[in-house]
Amino acid sequence: VVAFGAFLCFAASRAPGAYTALAGLEALSAALLLLLYLLQLDAKTGRFFWPLADVFNSVISALFLLVVCLFAVIIKTNNGTLAGGVLGLVLLVLCVVDAVLLSQKISLDRPRGRTTPAK
């Protein structure tokens with residue numbers, strides 16, 4: 001939701017393409033990973049370890065967000081760019097928290113399965 005809000009702010013303010021593209025790609029990747037987990041497609045693809053891919057996505061997104069959103073806040077061509085930059089920095093914090101929490105939950109020596117029973 002925060003990534004989509006940043007995307008809307010950047011798009012409405014007619015910010016340079018890098019700002020809008022990064023926020024849009026982050027919103028799209030978050031939506032696709034959410035859909036993957038909601039439809040339990042991660043359990044059907046047993047050879048690929050999706051939580052680790054989610055950690056890598058969060059770390060890489062945080063690095064890109066750090067650079068792009070700091071530029072957006074520092075340059076602040078208009079209020080929309082400033083709002084998008086601030087939302088991007090909030091998203092940066094959320095990506096770091098997501099990466100830390102997921103990396104703490106990942107255990108490579110246990111079998112891959114759900115810890116909660118399926119409904």
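The values are calculated or read from the model by the stated rules, or taken from the named source; none is laboratory data. All values derive from a computational prediction rather than experimental measurement. We place every Cβ from the backbone using ideal geometry, glycine too, and count neighbours over all the protein chains shown. Please note that ligands, DNA and RNA were not included when accessible areas were found on the heavy atoms of the full protein model with its side chains. Shrake-Rupley method; radii C 1.70, N 1.55, O 1.52, S 1.80 Å.
Summary table below
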read-out: Of all residues making up region 80-106, the number that are among the polar types (S, T, N, Q) and surrounded by 18 or more Cβ atoms within 10 Å (Cβ to Cβ); value: 1
read-out: Criterion: over 19 Å from GLY5 (Cβ atoms), in a helix (DSSP H, G or I) and modelled with pLDDT of 85 or more - qualifying residue of LEU92, LEU52, LEU63; value: LEU63
read-out: Subset tally (residues that are within 16 Å of the chain's Cα centre (by Cα) and open to solvent by less than 20 Å² (accessible area, probe 1.4 Å)) for region 6-15; value: 1
read-out: Among (1) without any contact (Cβ under 8 Å) to a residue 12 or more places away in the chain; (2) in contact with a Gly (Cβ under 6 Å, 6 or more places away or on another chain) - the single one LEU65 does not satisfy; value: (1)
read-out: Unmet criterion (only one of (1) in contact (Cβ under 8 Å) with a residue 40 or more places away in the chain; (2) assigned by the TED database to the domain that holds LEU8) for VAL55; value: (2)
read-out: Every pair of residues 6+ apart whose Cβ atoms lie under 7 Å, when the first sits in region 68-79 and is crowded, with 17+ Cβ neighbours inside 10 Å while the second is among the hydroxyl-bearing types (Ser, Thr, Tyr); value: VAL68/TYR19; ALA72/TYR19; ALA72/THR81
read-out: Residues of region 43-59 satisfying the condition of being open to solvent by 50 Å² or more (accessible area, probe 1.4 Å) and not hydrophobic (A, V, I, L, M, F, W, C); value: LYS44, THR45, GLY46, ARG47
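Residues checked against (1) surrounded by fewer than 16 Cβ atoms within 10 Å (Cβ to Cβ); (2) on the phi > 0 side of the Ramachandran plot; (3) in the same structural domain as SER61 (by the TED database); (4) of a type in the set (Phe, Trp, Tyr):
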| position | (1), (2), (3), (4) |
| --- | --- |
| GLY24 | no, no, no, no |
| SER29 | no, no, no, no |
| TYR37 | yes, no, no, yes |
| LEU41 | yes, no, no, no |
